[in-house]
Amino acid sequence: MKTILLKFTKRIVLFFSFACFVFLPMFGQTSLSGTITKDSTLSLAKSPFVIPSSLTIQSGKTLTIESGVTVKFGASSSLNINGTMNATNVIFTSSSVTPVPGSWGQIQTGDYSNSGTVNLTDCKINYAQKFVIYKGTATLINTDVTNSSYQAIHVEALGVLNMNGGLISTTNASAMTNYDGVNAASNSNVTLSGVYIQNYDNGLGLNTDANASITNINITACNYPINYHSVANLTVAGLNSFSGNNYVAVKMEFSYLNKSMTLPFISIPYYFPSGFNIQAAGSLTVASKNILKFQNGNSMNVEGSLIANAAVGENIYFTSILDDNWGGDTNKDGTTT
């Protein structure tokens, strides 16, 4: 019997709820596929787990992953959470022996019809294309998302991201020049506290009616630390660091405002590369002590309302990108201008 066991691999297939969720323990690892249709646990004893194609957690069901487990993904494979996933000290990574950024698909919270919930503490997500919160809530505590090939985290469709601590970083050239570390899409809600973001085109990207809050974060080695792709709502608190970026400024990428918007106080200038037009229905409120810089030759045109009331003893500055006296050398040309 011992000889037989050495020569042959014993496969045990457990089918739950009409064989929707398949465990295949083989060669010291456990293969997963299909749909989880009942509350389940991935145990450390069966780690590592490999997802060769895709795995879905059904709405109303919970997957718990024990501490120390490694979950590996095949090329283009994904994990879709339409129910709940809880994990502590778990590594999500590629099954490739030579992984590169984007070696596997994504972890997605929710879909068009379902709202998912993800709770990750002290976890690592490595070499995925991206982490997506489509609908539902993802809470990440001291969790790193590294070497993505697109946005590290993309939040949309009324998705909610709560991230406390952790690193967001990549070595992918395309992501470093074209994507946001955290992309807050339309109507999404993002809260970042104590998060470190580096090596993206923009550390945080804000889209139409996105709501974002940042506290004690560090964004460095990006093109811009923050980019308003469109009108959005930002709350700033604590001590945030934005040094070491190509441009130490908040980029105002859009040019027309047709609703109410507030620019909260932040320790770096707001930069308007294409001018800015406050339309008749628009209203822009600028918090005290802010610095607004404009590209040479461009202007701010006001047809609606501009409210810029500095507190007693403070100022609000409207100036040129060439002005190094307020907000430093934003255009990175040294003493040339």
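Each reported figure results from applying straightforward, stated rules to the coordinates on display, with no laboratory input. Bear in mind that the values here come from a model prediction, so they are computed numbers and not experimental data. In this analysis, Cβ positions are derived from the backbone assuming ideal geometry, glycine residues included, and neighbour counts consider all displayed protein chains.
Under the criterion of Cα pairs below 8 Å and six or more residues apart, the relative contact order for the chain equals 7 percent.
Compactness ratio for region 193-337: Cα radius of gyration over 2.2 N^0.38 Å (N = residue count) comes to 1.00. Compactness ratio for region 86-201: Cα radius of gyration over 2.2 N^0.38 Å (N = residue count) comes to 0.96.
Here the sum of -39500 (n - 2.57) over DSSP H runs of 4 or more residues, divided by the residues of the chain, equals -1000 deg cm²/dmol at 222 nm, to the nearest 500. Scaling against 2.2 N^0.38 Å puts the C-alpha radius of gyration of region 274-332 at 1.20.
Within the P(r) computed for the chain, what percentage of the Cα pairs occupies the region above 27 Å? Roughly 50 percent, rounded to a whole number. Ranked by the mean number of other Cβ atoms within 10 Å of their residues, highest first, the peptides 144-150, 329-335 fall in the order 144-150, 329-335.
Report the antiparallel proportion of the DSSP beta bridges in the chain as a percent, rounded to a multiple of 5. If I count the DSSP bridges inside the chain, around 5 percent turn out antiparallel. Each residue of region 29-149 gets 84 Å³ once the volume of the Cα convex hull is shared out per residue. When you count the other C-beta atoms within 10 angstrom of each residue and take the mean per peptide, 206-219, 232-245 line up highest first as 206-219, 232-245. Quick one: net charge of residue 174's neighbours, Cβ under 14 Å, K/R +1, D/E -1? Taking every Cβ under 14 Å from that of residue 174, the sum is -1. Ranked by the mean number of other Cβ atoms within 10 Å of their residues, highest first, the peptides 257-266, 109-118, 294-303, 73-82 fall in the order 73-82, 109-118, 257-266, 294-303. The modelled label-to-label distance for the pair residue 265/residue 167, using points 7 Å beyond Cα in the direction of Cβ, is 3.3 nm.
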